[in-house]
Structure formats: structure tokens, C-alpha cells
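The values are calculated or read from the model by the stated rules, or taken from the named source; none is laboratory data. No experiment lies behind these values; they were computed from the predicted model shown. So basically every Cβ, Gly included, is an ideal-geometry build from the backbone, and we count neighbours across all protein chains shown. These accessible areas exclude ligands, DNA and RNA; they are computed on the full protein's heavy atoms, side chains included. Shrake-Rupley method; radii C 1.70, N 1.55, O 1.52, S 1.80 Å.
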Amino acid sequence: MTNIPFRFDQVGSLLRPERLKKAREEFKQGVITREALTKIEDEEIVKVIQKQKEVGLQAVTDGEFRRRWWHLDFIAGLKGITVFDFETTAFGITTEAQGTFVSGPLSFDPTHPFLDHFKFTKEQAGETIAKQTIPGPNMIYLDSFILSKQYHENPVYADKKEFIQDLITTYQAAIQAFYDAGCRYLQLDDTSWGGLFDDRFRGMIASNGYDPDELIQEFGDITEAVLSKKPADLAVTFHFCKGNFQSHWLYNGSYDKIAERLLAITQFNGFFLEFDDERSGSFEPLKNIQDQRIVLGLVTTKTPELEDKETLKARIKEATQFVPLEQHCLSPQCGFSSTHEGNKVTEEDQWAKLKLVVETAKEVWKD
């Protein structure tokens, strides 16, 4: 587990094959049964796991092929959560979306479908490590509690402390459940931290009665409490990007405001951080890292152009001004399909970029 995250790694989501998209739409329209959809999901997951192995990845995922959203499918499976439909322009385009709010006491459901999903992935992975991705706890705190109009209209908790304790307990139970299912590589995807440095979201947070600067400490405290009971031989990583929806992003700003608190969370084995364009800012905030690994997200999943290998090497060298080379790894900056629609790249682009990550890392690191 000390080698996790790996020198060449991936965030998790992969482009949904057309066959899977078609089946999902047919299920939505009532043309095929849930069982028929699951059979197609199983078959496509088997194929995509094999493809990841062929590229050379040391940890494989199910591509998040059973999910509509990278985060909501997991959150919707918790007790005390309600999902609703709405239309959004948050990513610069008008599109259908879903949101969640806390509608009852929060707790983990031991029959959560993701547990069986993981068991299938692990079985198909064989000797290769199966990686499980879930949204981090602060996704619920920010979106389903702090910024939720529905929650504030019908509050469930007498005070915030009660909710936070239930949130921590829920995630502790989730982590243990995945461990018991055989998971040894778990990733918490938590883009909510971006709301703490993006000016627009900081304004929204303040208008709901919260101080975004105080939340930086609180987000860190919650995360540390969630990880305080994790099994010693479970590797847990953190992934952050500034939003990834059909090649559009959500947050703007640099890591400067959050880096000191976030990178101090030593229970994480490593941090997957976005550095694929000028919006990411410099590598200087990385100086706050302890002895964890930093996975440099230098290869973009938002556009099809293949990065230049020598440019990637130069960027890695630049990052070593702040963190030694032995603590660095390489990956795409995010998944290729955070939602079922996918980014504006082809499967050929996707596999070429993952292959580039593997090849570049092997030339930079000897382990």
C-alpha cells in the first residue's frame, strides 16, 4: 500500500461506450429491464478493465459505468438524502442536472449498491488492484446542507454539530463497509473545496450565513475525523479538480487559500490535484505537503489534443522546486466522464492520454 498512489495513475471515470449509453436510455424509456441493463453494464465493465490492464495501469476502476453522476449516485444511496431534478447554467451551458438535500437523519445504508458494484470490479480485476471512488463528505456538507435552499426551508437538525457528527459517522461506516468488501484503495473525490476559494461561491456561502475561511478549517477537521478510524492497510487518496462536466469547469482560483489545511491531512496517502492549465496556478502551494504523494494532474481530459511528453517532464521538474521528485506521481487531471455524457474527447483520445501517462512516468521514475 506504500506505493499508492502509483507513479502512473488515473482518477477513475472513463467514457461510456455507445452500447452502454443506448442501454441506459432504453432502460429510462422502459424498453429494457433493470436486469438487462445490468448485464450490459457487467459486459462493458469487463471490457474496460481489460483495456486498462493492457494500457499498463496498476489500479483499475469500473469506469464508473453504473453511474449517471460521479457523486450523486453514491450520495443518493445514503439514508436521509433526497434527490431532485433542476436545470443549471453553472458550467456555462444550460443542461439538466440533479441536486440533493438532507431530508432526514443521515446514515450509511449497509445495503448500498456500490458495495456489490465494487465486489464485481474486484473479481474482474483479478491480481490487479481494484480502486473504488466515492465523493468526499464535504460534498454533502456544502451542497446538501450549507447551500441547499430545500434544507434551510425544512431543517432536520437542531444544530450544525449534530449534522456534522452524523456525516462523520456515515463516512466512517462507508469506509469500513468498502474495506470489508475487499477494498484496499479508496479515493475521496471532493470538489467542494473549490467553493472555498472561488469568489462567486464564497459569496454564496457567506449569504447563507457561513464564513468560507472558517469552513476551510472545518472541512479539514471533518475529513480527518472521517479517516480517523480507517484500517491501517487501507490506502486512501484525495482527488480535487475545479469541476468537470462535458469539458466545462465550475470553480476559478488557486490552491493558495486551501493548501495549508488540505495538505496537512496526513491520513491521505496522496493527493490528485489539477494542474492542466493556467487556471491551476503555480506549484508553490505544494510546499505545504508533509510526506504524502502528490499526483500531478498534468494531462487534461477536457480536450483531445495529446500533450507533449517533454513538456510534461519539464512540468514535473518545475514541481520539484517545492516537493522532491520521489513524492510526485502523474495522472490525468480528472476523469474522462464525470457524468454519463462524457467530455468532448473520443475513446481513442482517452486511451492515448492514459498510455502517455504510463510511458512518461516510466521514463521519469525508476520505481
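To the nearest 20 debye, what charge dipole does the chain have about its Cα centre, counting +1 at the Cβ of each Lys and Arg and -1 at the Cβ of each Asp and Glu? Could the numbers behind the result be given before it?
Working: 43 positive and 58 negative charges, 115 e Å.
That gives a dipole near 560 debye.
Under a 1.4 Å probe, what is the accessible area of segment 127-175 per residue, stated in Å²?
Accessible area per residue, segment 127-175: 39 Å².
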Discussion item. For the chain, which cysteines have no second Cys with its Cβ under 4.7 Å from theirs?
Written reply: CYS183, CYS329
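How high is the relative contact order of the chain, in percent, counting Cα pairs under 8 Å that sit 6 or more residues apart? The partial results should precede the final answer.
Values: 667 pairs, mean separation 78.2, N = 367.
Answer for the chain is 21 percent.
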Response to the item:
Over segment 1-50, with neighbouring protein chains present, the accessible area per residue in Å² at probe 1.4 Å is 51 Å²
Discussion item. Residue by residue through segment 150-166, what is 3J(HN,Hα) from phi via Karplus (6.51 cos²θ - 1.76 cosθ + 1.60, θ = phi - 60°)? Round to whole Hz and write x for glycine and proline.
Written reply: 4, 5, 5, 6, 9, x, 9, 9, 5, 8, 4, 4, 5, 4, 4, 5, 5
Worksheet item: Binning every alpha carbon pair distance of segment 256-367 at 10 Å from zero, what are the percents per bin?
Response: 14, 46, 31, 9
Worksheet item: Hey, any idea what % of the chain's accessible area is carbon plus sulfur with a 1.4 Å probe?
Response: 49 percent
Practice prompt. Please give the peptides 333-345, 131-143 ranked by average Cβ packing (other Cβ atoms within 10 Å per residue), highest first, as a rough proxy for protection.
Written response: 131-143, 333-345
Response to the item:
Taking R0 as 35 Å and r as the Cβ-Cβ distance between SER282 and LYS355, the FRET efficiency 1/(1 + (r/R0)^6), rounded to the nearest 0.05, comes to 0.80
Worksheet item: Using all Cα-Cα distances in segment 1-119, what percent lands in each 10 angstrom bin from 0 up to the longest?
Response: 11, 32, 37, 19, 1
Item to complete: Before rounding to the nearest 500, sum -39500 (n - 2.57) across all DSSP H runs of length at least 4 in the chain and divide by the residue total; then give [θ] at 222 nm in deg cm²/dmol.
Response: -12000 deg cm²/dmol
Fill in: Qualifying aspartates and glutamates (Cα of each under 15 Å from Cα of LYS79; at least 8 residues distant if same chain)
ASP109, ASP166
Worksheet entry | Dipole of the chain [Lys/Arg +1, Asp/Glu -1 at C-beta], most positive-end residue of PHE322, SER107, PRO17 | PRO17
Worksheet item: Cross-link list LYS21/LYS122; LYS131/LYS344; LYS21/LYS149; LYS28/LYS131; LYS39/LYS344: which exceed 30 angstrom alpha carbon to alpha carbon?
Response: LYS21/LYS149
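Given N residues in the chain, what is its alpha carbon radius of gyration divided by 2.2 N^0.38 Å? Mind showing how you got there, number by number?
On the way: Rg = 19.4 Å, N = 367, 2.2 N^0.38 = 20.7 Å.
The value comes to 0.94.
Just round it to a whole percent: the fraction of Cα-Cα distances in segment 126-249 exceeding 19 Å. Numbers along the way, then the final one.
Details: 3994 of 7626 pairs.
It works out to 52 percent of all Cα pairs.
What FRET efficiency, computed as 1/(1 + (r/R0)^6) with R0 = 35 Å and r the Cβ-Cβ distance, is obtained for ASN208 and THR266, rounded to the nearest 0.05? Write down the numbers at each step before the final one.
Values: r = 31 Å, r/R0 = 0.88.
Efficiency, from the Cβ-Cβ distance: 0.70.
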